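First up is the structure itself, then whatever we jot down about it.
The values are calculated or read from the model by the stated rules, or taken from the named source; none is laboratory data. Since the model is a prediction, treat every value here as computed from it, not as a measurement. With ideal geometry, Cβ positions are generated from the backbone for all residues, glycine too; neighbour counts draw on all protein chains shown.
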Amino acid sequence: MGGIAGTMIRIDLQVDLNYEIDPGGADFVFNIHAVNTPHQTVSGERLALSQPIRQRMHTDPVTGNRYLYVRADPGELKLSYSATVDLVHYLCDPAHVAEVPVRDIPPEVMGYIYPSRYCQSDRLIKLATRNFGRFDQGYSRVQAIRDWVNRHVTFTSNSSNSNTSAVDTLIEEVGVCRDFAHLMIALCRAVNIPARFATGTDYGADPALGPPDFQAYVEVYLGHRWYIFDPSGTGIPMGFVRFGTGRDAADVAFATIFGGVRAHAALIRALAIEDQSRGLVLPHHCHEALSTDSGAGVA
């Protein structure tokens, strides 16, 4: 049974970053540009840097991730990125979303079934088999993994760092969205289901958790398409704007920095626009499986 195109979600996006750079300067690789996919269309982009420095953009031909490379001078660097992003999700009845046998996984997807730096799936095979091996294969088994992670880990701000892995999170049972994502990905891979780390902006999170921020979530390869899961349960997945996908956080940090830099808190705004006359609705929780992927490939 095929899926259908959902209603349109429009997000006005604003990302502001601020750094103090030590003498000698610093190099940055930013991954804060929204990705263009068949179900995520980016328009009205604007990028402003406070320093008159060279900018170099690169779009990965496989993932579609968009990277900005800059060499910044000492002093203050402010970056401001804005865009309008239209999301028309592919929707499907979860009961009709099957797992893809390993023998049928496309070569470009196979990399997401192996262990990676933060997702040590090879260390979690016994745990994953014991807890999820008895489930019928398909979307429902992945949902069970998502729910298990959500129950066993408590969302706690500033409870982890850049070295925290899936195994660390399993032991400590606390984390932020990044840690929930790594643990879910590792458990999926441990039962031979390809899963990847996705980054973007949150939407719908409880203000008590803090100001709006970047969001880490999970995309799982089922039925020859990547489907969205939010193991942290902090946001509304229909409102997530995708910046990048990778094996884990090491591939898609929103800023990778080379040099002496002091970072200030990022300012994020993701405002949904409602206009029924133009078919624009607000993001909401739904029972259907959601995807911003065209199917079969990695994009």
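Data table
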quantity: Long-range neighbours under 9 Å by Cβ, at least six apart or interchain, first residue on the phi > 0 side of the Ramachandran plot within the range 254-266, second in a loop (DSSP other than H, G, I, E, B) and surrounded by 12 or more Cβ atoms within 10 Å (Cβ to Cβ); calculated: G259/D22; G259/G25
quantity: Residue selected from the range 28-48 under the condition over 16 Å from R10 (Cβ atoms) and surrounded by fewer than 16 Cβ atoms within 10 Å (Cβ to Cβ), by the criterion modelled with the lowest pLDDT; calculated: P38
quantity: Pair list, Cβ < 6 Å and 6+ apart or interchain, from the range 55-75 residues that are free of Cβ contacts under 8 Å to residues at least 40 places away in the same chain and over 14 Å from I257 (Cα atoms) to residues that are surrounded by 17 or more Cβ atoms within 10 Å (Cβ to Cβ) and of a type in the set (A, V, I, L, M, F, W, C); calculated: Q55/V70; M57/L68
quantity: Hits in the range 151-166 - residues which are closer than 16 Å to F197 by Cα and buried (at least 17 other Cβ atoms within 10 Å of the Cβ); calculated: T164, S165, A166
quantity: Leading residue by the ranking (modelled with the lowest pLDDT) among those in the range 179-221 that are within 19 Å of V15 (Cα to Cα) and touching a helix residue (DSSP H, G or I) at 6+ places or on another chain (Cβ under 7 Å); calculated: G204
quantity: Selection count, the range 258-297, where residues are among the charged types (D, E, K, R) and either within 15 Å of G235 (Cβ to Cβ) or part of a loop (DSSP other than H, G, I, E, B) (or both); calculated: 4
quantity: The range 179-205, subset over 14 Å from the mean Cα position of the chain (by Cα) and part of a helix (DSSP H, G or I), residue farthest from A249 (Cα to Cα); calculated: A190
quantity: Odd one out for G295, checked against (1) farther than 21 Å from T84 by Cα; (2) at pLDDT 90 or above; (3) not hydrophobic (A, V, I, L, M, F, W, C); calculated: (2)
quantity: Identity of the residue in the range 116-145, assigned to a loop (DSSP other than H, G, I, E, B) and polar (S, T, N, Q), that ends up nearest to A289 (Cα to Cα); calculated: Q137
quantity: The range 206-257: number of residues that are assigned to a loop (DSSP other than H, G, I, E, B), aromatic (F, W, Y) and surrounded by fewer than 24 Cβ atoms within 10 Å (Cβ to Cβ); calculated: 1
quantity: Residue in the range 146-156 that is in the same structural domain as C188 (by TED's automatic domain parsing), within 22 Å of the chain's Cα centre (by Cα) and assigned to a strand (DSSP E or B) present; calculated: yes
quantity: Top-ranked residue in the range 167-178 [being in contact with a helix residue (DSSP H, G or I) (Cβ under 7 Å, 6 or more places away or on another chain) and either assigned to a helix (DSSP H, G or I) or of a type in the set (D, E) (or both); ranked as surrounded by the most Cβ atoms within 10 Å (Cβ to Cβ)]; calculated: T169
